[in-house]
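The values are calculated or read from the model by the stated rules, or taken from the named source; none is laboratory data. Keep in mind that this is a model prediction, so the values were computed, not measured. Backbone-built Cβ (ideal geometry, glycine too); neighbour counts: all protein chains shown. We work out accessible area using only protein heavy atoms, side chains counted, and drop any ligands, DNA or RNA first. Shrake-Rupley method; radii C 1.70, N 1.55, O 1.52, S 1.80 Å.
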Amino acid sequence: MLVTTHRTFASAIVVAITSLLFAVAQDSQAVIVGAQSYGDELAGAKITVNFDTTGARDMIIGAGAPQQGLALDAGWFRFSVTGDTFLADWTLDNLSNESINSVLFDLSGSNVLFDDGSLPDTPNSYAGRAGAVQVNVSPPDLLSSGEFTLWPDVDNAGDEYLEEFIEFANFRPGFTAAWRDDTDIIGKDTGPEVPEPSTMILALGALIGCGVYRKCRK
């Protein structure tokens, strides 16, 4: 009877440890967003460019060259970003005979999100930017920018957005604006996620308990 009880107790410990380790594995594999996103992953997003006379003209961004997001409205504008969206320049060329006042990005048709870099951050989102950061040293001038419309996922910690608005000055015909920005990709693992400390402590405690139990039996 005592042997059976010991075996039952040992089996219960094994089941508990297995369950905890499975929870750790599941937690480490959970993917909400990935921090590394490339230009071509903006495909499906919409860009709206506002001109001072004509008003708004919009296009759906497509995938151009490898890792390139591209939107070309002949005679009006050309938008492009190639490579890692955090490290690469985002460029907008004014191909029209009017000045550009602003640009609006709507990522809801794509698989990426704007990350404003705020804390707490969504797991795996890492660094971000609180809007566009001007790169070009001559006009046009980036007056202001902001991200809005929170991604409505329950796991969004408040740093992932669907839209961004950028306002320009002196964006005359033939000029090019260049800036740095950032997007995260939805549901793609671009880096390991470390299990929460509480989960690791529970798993470690179970293993220690099993070791003590086996030592006592001897």
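Data for the structure
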read-out: Evaluation of residue 165 against (1) buried (at least 19 other Cβ atoms within 10 Å of the Cβ); (2) of a type outside the set (Lys, Arg); (3) out of contact with any Pro (no Cβ under 9 Å at 6 or more places or on another chain) (one fails), failing number; value: (1)
read-out: Positions within the range 118-152 being open to solvent by 60 Å² or more (accessible area, probe 1.4 Å) and under 13 Å from residue 183 (Cα atoms), in sequence order; value: 126, 130
read-out: Index of the failed condition, residue 45 passing every other in (1) open to solvent by less than 10 Å² (accessible area, probe 1.4 Å); (2) without any contact (Cβ under 8 Å) to a residue 60 or more places away in the chain; (3) of a type in the set (Gly, Ala, Ser); value: (2)
read-out: Those residues of the range 118-155 which are of a type outside the set (Asp, Glu) and in contact (Cβ under 8 Å) with a residue 60 or more places away in the chain, in sequence order; value: 122, 123, 124, 125, 126, 127
read-out: Matching residues, the range 136-152, being over 27 Å from residue 33 (Cα atoms) and assigned to a loop (DSSP other than H, G, I, E, B); value: 136, 137, 138, 139, 140
read-out: Breaking point among (1) open to solvent by less than 60 Å² (accessible area, probe 1.4 Å); (2) out of contact with any helix residue (DSSP H, G or I) (no Cβ under 6 Å at 6 or more places or on another chain); (3) modelled with pLDDT of 90 or more, for residue 185; value: (2)
